Amino acid sequence: MPTPPPRQPQDLMQLLTRAERLAARRLQGVLDEHGCSLDAWRVLAQLADGEGHSMTSVAEAAFLPPATLTKLVDHLVDRNLVHRRVDPLDRRRILAFLTPRGESYWRRIDREVRAKWPVLSDGDDQLLRVLLERMIGAVEGAARTAT
């Protein structure tokens, strides 16, 4: 039995990057029809649960620096898709929520994204999710032990 080739991190990074860019391009094609950016879609997705989220948690979930998120949320507020409210438990924090118009907008976009998203074969979506979460854990664990 031949020995497997040595692990090549750059091969995995190449595949991950290619998959992310192709998926983002496909998603952006759908979002463009609704005047929505990928970053705005990530923010709307975070807020779609209706629970209200701090700007810090939204920034982390959307992979955006705080200043960029603030500008984006300002834009979403101007479009009457998002509103801000003082957190009743901690008056120093601001929570962001979808407006009724934002909820309707989100449902419309989400429905179309789901309809046009490529489907993997039975169980592969879940397998990919598990493997990516495992990889994230391993990379984060390695980063913690390196410091």
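Bear in mind these aren't lab numbers, they're just calculated from the coordinates by the rules spelled out. All of these numbers come straight from a predicted model, not from anything done at the bench. Neighbour counts are summed over all protein chains in view; Cβ atoms, including those assigned to glycine, are modelled from backbone coordinates with ideal geometry.
Points to keep in mind about this one:
- For the peptides 90-99, 122-131, the ranking by mean Cβ contacts within 10 Å, running from highest to lowest, is 90-99, 122-131.
- q = 0.15, 0.22, 0.23, 0.27 Å⁻¹, the range 1-57: log10 I(q)/I(0) [Debye, one scatterer per Cα]: -0.66, -0.92, -0.94, -1.03
- Each residue, M135 and L22, gets one label point 7 Å from its Cα in the Cβ direction; the gap between the two is 1.3 nm.
- Surface/4 estimate of mean projected area, convex hull on alpha-carbon atoms of the chain, nm²: 12.9 nm²
- Degrees separating the helix 100-116 axis from the principal Cα axis of the chain, which is the longest one: 20 degrees
- Rounded tilt (10° steps) of 38-47 against the dominant C-alpha axis of the chain: 70 degrees
- Charge dipole magnitude, Cβ of K and R +1, D and E -1 - the range 79-147, Cα centre, debye nearest 20: 600 debye
- Take every pair of alpha-carbon atoms less than 8 Å apart whose residues are at least six positions apart; their mean separation over the length of the chain yields a relative contact order of 20 percent.
- Check: the chain dipole with +1 on Lys, Arg Cβ and -1 on Asp, Glu Cβ, in debye: 240 debye
- Between the helical axis of 9-32 and the longest alpha-carbon principal axis of the chain there is an angle of about 30 degrees.
- Computed over the chain, the per-residue total of -39500 (n - 2.57) for DSSP H runs of n ≥ 4 gives a 222 nm mean residue ellipticity of -21500 deg cm²/dmol, rounded to 500.
- Taking the inverse of the mean reciprocal distance over all distinct Cα pairs, the Kirkwood hydrodynamic radius of the range 49-121 comes to 13.5 Å.
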